[in-house]
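First comes the structure, then the notes that go with it.
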Amino acid sequence: MHVDADGPVGGRIELTLRPKADVAPVDAQTAEKLQGIARADTVELRDGGAVFGFVADADSAAVRGNVELAARFVLGAHWHTRYELAQADIT
């Protein structure tokens, strides 16, 4: 994210949901379901995972909570044993 005297300029928050070893990659249909529930602005498949994009001025804790809740709904209560959620670089 670029910052000037007036605050953030462009950019976004990205969170990546990645499968752990021996877990199938996230498919397009699942990624789209997660995107809708998490209210992400964008989603793209990358290296077997899904990268969710949010506007840079969003509350990062709320954004992470939305993705975690979406994962629980779509992937099940024990999603965290099969997937990991990591914050990507802010671009």
- [ ] Tally the residues that are assigned to a strand (DSSP E or B) and either touching a His at 6+ places or on another chain (Cβ under 8 Å) or not small (Gly, Ala, Ser) (or both), restricting the search to the range 60-91.
- [x] 4
Open item on the list: Pairs please, first residue from the range 37-53 and over 11 Å from VAL67 (Cα atoms), second anywhere and among the polar types (S, T, N, Q), Cβ atoms under 7 Å, 6+ apart in sequence or on different chains.
Closed with: VAL43/GLN35; GLY49/THR16
TODO: Could you grab me the full set of residues in the range 36-59 that are in a helix (DSSP H, G or I) and surrounded by 14 or more Cβ atoms within 10 Å (Cβ to Cβ)?
DONE: ILE37, ALA38
Open item on the list: Need the failing condition index for PRO25 against (1) out of contact with any Leu (no Cβ under 9 Å at 6 or more places or on another chain); (2) in a loop (DSSP other than H, G, I, E, B); (3) at pLDDT 95 or above, just the number.
Closed with: (1)
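Taking ALA71, is it modelled with pLDDT under 95 and either crowded, with 19+ Cβ neighbours inside 10 Å or hydrophobic (A, V, I, L, M, F, W, C) (or both)?
The answer is no for ALA71.
The values are calculated or read from the model by the stated rules, or taken from the named source; none is laboratory data. Source: prediction; values computed, not measured. Don't worry about glycine lacking a Cβ; one is built from the backbone with ideal geometry, like all the others, and counts go over all protein chains shown.
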